[in-house]
Number of protein chains: 2
Amino acid sequence: MSRSAGDKVPTMVDVARRAGVSPSTVSYAMTGSRPISEATRLRIQQAMLDLGYRPNVFARGLKSKRSHIIAVLFPKNEHERGMNLGSMEYIFGASDHAQDRGYHLLLWTSGADALDDLAGLAQQGLVDGVLLMEVRLKDPRIEVLRNSELIFTMLGQNADPGDLDYVDTDFDQCARLAVDHLTALGHRHLGFINLGASALEAGRGNAIRLRDGVLGAAASARAQVTTLTCESSIGGGRGALTELLLRDRAVTAVIAFNEQAVPGIMSAAADRGLRIPADLSILSIDMPAQAALMTTPAMTTVGPTAAAMGRAAVAMLIRQVEGAATGVTQMLFDGELVLRESTGPAADHDTA
Amino acid sequence: MSRSAGDKVPTMVDVARRAGVSPSTVSYAMTGSRPISEATRLRIQQAMLDLGYRPNVFARGLKSKRSHIIAVLFPKNEHERGMNLGSMEYIFGASDHAQDRGYHLLLWTSGADALDDLAGLAQQGLVDGVLLMEVRLKDPRIEVLRNSELIFTMLGQNADPGDLDYVDTDFDQCARLAVDHLTALGHRHLGFINLGASALEAGRGNAIRLRDGVLGAAASARAQVTTLTCESSIGGGRGALTELLLRDRAVTAVIAFNEQAVPGIMSAAADRGLRIPADLSILSIDMPAQAALMTTPAMTTVGPTAAAMGRAAVAMLIRQVEGAATGVTQMLFDGELVLRESTGPAADHDTA
DNA sequence: CTGTTAGCGCATTCAC
DNA sequence: GTGAATGCGCTAACAG
């Protein structure tokens, strides 16, 4: 088990010798690609334990073209830094599951535009599969991965997922959950503060799907909703709330999908003497608990468990890699309503 | 450059043939481990480009015992989840630099107590070096890594770093910077809200170093400081502020080293009618900008750039791995004061 | 300055 | 059911 410095690392041959069998038998015992008698299998296992044997990743990879390594593609575009707190949870979920299944996780942070680097990664054969994060509606990485014949799963969707595997948030369901929660509290005039126009243009599909979901849910609930885009910053949030109240004085609740802007929204509300949640309710979509707990009052949120999504994505990926795939898998995760302190009953001051 | 599906991945032999040289020459041209004439070197380079050649990681690793992969050990102990926002920045900094230097980053999230797993990782030879995060005063992983003869660098320090390489925050300097800032604003009665007792006992060395630093700096500045430990939660923060004001009614400024507790501190202050920063200043040590911007008002912080530390750690590690090391390297990073809105001049209400 | 060759540790095709 | 032999793609020691 523990090996003191200087000891040679044992190879399959060592195991074979100790178990009194040939190297190939050891190999078969490991891969299970051909029947081995129970007796020898046990002796081999014992020998491996005694020696603290671990198969050499390189030798195995060289021969079998399988590395047991999967890459997480998490581009860190400068203007997006800070979206990361939630993404971190995905990554950890993914890592958990990968490790459980005996896979390693390679963190790849090249920009989404570094297509050559990506092609290189794909070609090296270093990784068995790829988990694609921060997927755009039109995402050039997808083309590269398809060409390279590398197996991959998306966390999020592009414009036309077709037969691509993905795991994504069910934004429609999240929208409904959020709207229902607020209308149940008596809110009739809602505001929806989305990501910035630039983010929408950049193809953040989730922002668009969510907005449509909110619009639809509000229509069913006979609530009125004013939608705005908003720069991802405190200043952006301040401006957005001002603008929102200008457009609809009767707004009593805000659904926000813009983590960075939330503090701005809250402080602008405070400046106007609007207490949260007495005068104005705020609910954030897909905000990590981490962040939700940093605001005062703590933010009520709707969103799925990111870690679970990460795990699911890796599970799908491994199933593909190991050839146990059952056609295309596309999963949508339901959001959950986490009640904290930023939402409450509508004040009926000037509601018609 | 791009390779359409079906094309065989080119090997060194293909490159050699195309360049009209022997395979070994290609190898030497790549590793530079023996002189190659400029002319042939160029022809080889061209051939590689034409073919879109990428060396096979496994073959190289198998032969040379070097993988160009470094592992980041980032244990996710359950009770510590949430410390992560800052850690993320380290990891990204590390990843950036690794990729710049042609290294891959393996994310290893097994618990700090999963020593067997770690030993296995070390033994596999999969990684050239290890970046150890979340280092404890007494950290059993260190022993495992030493035994395995694996090169590693710590992000943080154990109790007795001796000849181990590390990169760490200069908590003493941070403490001085924080205390100086507050005393310059006229604050004479400070509070220091630290991590919880359990964290201290668990050997979070930084908490202890920082506390001592604050104590020292306050003494030099002739300021009085009341120190408390505090559970990492909103409730913990609320309790801590109450307790603090009980112990010293004259406190006008708080230095916090407990990210999760900060919102609690702030809301408890609000409940007592203490405005921030008019009545009470708050400054956080080593809080990521992400989090600092989520509070209202935005939090003034003191701390180093985490990404820079991550980069430096990887740089040190690679230097070691490549044998270019110049003895032991131990780096302390200075913190910077980032002025936001949570600190201001002392109100001289009941200061003696 | 360049070419030839022998493995690295494992998976797998043959033989038995 | 098991064993012996071959080669994955590359590096480095040996020969020129």
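Observations, loosely collected:
- Checked against the criterion of being within 18 Å of the chain's Cα centre (by Cα) and surrounded by fewer than 24 Cβ atoms within 10 Å (Cβ to Cβ), the candidates B:Gly102, B:Gly205 yield just one match: B:Gly205.
Condition check ((1) under 30 Å from B:Gln123 (Cβ atoms); (2) crowded, with 20+ Cβ neighbours inside 10 Å) across all residues:
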position: B:Leu145; (1), (2): yes, yes
position: B:Cys174; (1), (2): no, yes
position: B:Thr183; (1), (2): no, no
position: B:Asn194; (1), (2): no, yes
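- Contacts under 6 angstrom Cβ, first residue in segment A:230-250 being closer than 21 Å to A:Ile208 by Cα and of a type in the set (Ser, Thr, Tyr), partner part of a loop (DSSP other than H, G, I, E, B) and modelled with pLDDT under 95, 6 or more apart: A:Ser232/A:Gly196; A:Ser232/A:Asn258
- Meets criteria (at negative phi, buried (at least 20 other Cβ atoms within 10 Å of the Cβ) and of a type outside the set (Ser, Thr, Tyr)) for B:Leu137: no
- Flag if B:Gly93 is within 12 Å of another protein chain (Cβ to nearest Cβ), modelled with pLDDT under 95, assigned to a loop (DSSP other than H, G, I, E, B) and farther than 28 Å from A:Gly61 by Cα: no
- Residue, farthest from the chain's Cα centre (by Cα), within segment A:18-65, restricted to residues that are within 12 Å of another protein chain (Cβ to nearest Cβ), within 13 Å of DNA strand D (Cβ to nearest atom) and exposed (fewer than 13 other Cβ atoms within 10 Å of the Cβ): A:Lys63
- Criterion (of a type in the set (Gly, Ala, Ser) and more than 12 Å from chain A (Cβ to nearest Cβ)) met by exactly one of B:Gly129, B:Gly102: B:Gly129
- Yes/no for B:Ala289 being of a type in the set (Gly, Ala, Ser), surrounded by 19 or more Cβ atoms within 10 Å (Cβ to Cβ) and under 24 Å from A:Gly264 (Cβ atoms): yes
- Top-ranked residue in segment A:216-231 [being small (Gly, Ala, Ser) and buried (at least 16 other Cβ atoms within 10 Å of the Cβ); ranked as farthest from A:Leu177 (Cα to Cα)]: A:Ala223
- On inspection, A:Ile265 does not qualify as closer than 21 Å to A:Thr169 by Cα and in contact (Cβ under 8 Å) with a residue 60 or more places away in the chain.
- Strands (runs of 3 or more DSSP E) wholly inside segment A:215-315 containing at least 1 residues that are farther than 25 Å from A:Phe333 by Cα and over 29 Å from the mean Cα position of the chain (by Cα): A:224-228
- Restricting A:Val144, A:Val167, A:Val179 to those that are outside any loop (DSSP other than H, G, I, E, B) and either at pLDDT below 95 or of a type in the set (Lys, Arg) (or both) reduces the list to A:Val144.
- Across segment A:248-261, the qualifying residues are those that are buried (at least 24 other Cβ atoms within 10 Å of the Cβ) and out of contact with any Gly (no Cβ under 6 Å at 6 or more places or on another chain), and the one among them that is farthest from A:Ser284 (Cα to Cα) is A:Thr252.
- Test: residue in segment A:71-79 that is more than 16 Å from DNA strand D (Cβ to nearest atom) and either over 30 Å from A:Leu155 (Cα atoms) or assigned to a helix (DSSP H, G or I) (or both): yes
- Any chance B:Val9 is modelled with pLDDT of 90 or more and assigned to a loop (DSSP other than H, G, I, E, B): no
- B:Arg66 falls short on exactly one of the conditions (1) touching a Lys or Arg at 6+ places or on another chain (Cβ under 8 Å); (2) part of a loop (DSSP other than H, G, I, E, B); (3) away from DNA strand C (no atom under 16 Å from the Cβ), and that condition is (3).
- Among the residues making up segment B:108-125, those that are more than 7 Å from chain A (Cβ to nearest Cβ) and either in contact with a strand residue (DSSP E or B) (Cβ under 6 Å, 6 or more places away or on another chain) or among the small types (Gly, Ala, Ser) (or both) are B:Trp108, B:Gly111, B:Ala112, B:Ala114, B:Ala122.
- Check on B:Gly120, assigned to a loop (DSSP other than H, G, I, E, B) and farther than 30 Å from B:Ala207 by Cα: no
The values are calculated or read from the model by the stated rules, or taken from the named source; none is laboratory data. Everything numeric here is computed off the predicted structure, so don't read it as measured data. Backbone-built Cβ (ideal geometry, glycine too); neighbour counts: all protein chains shown.
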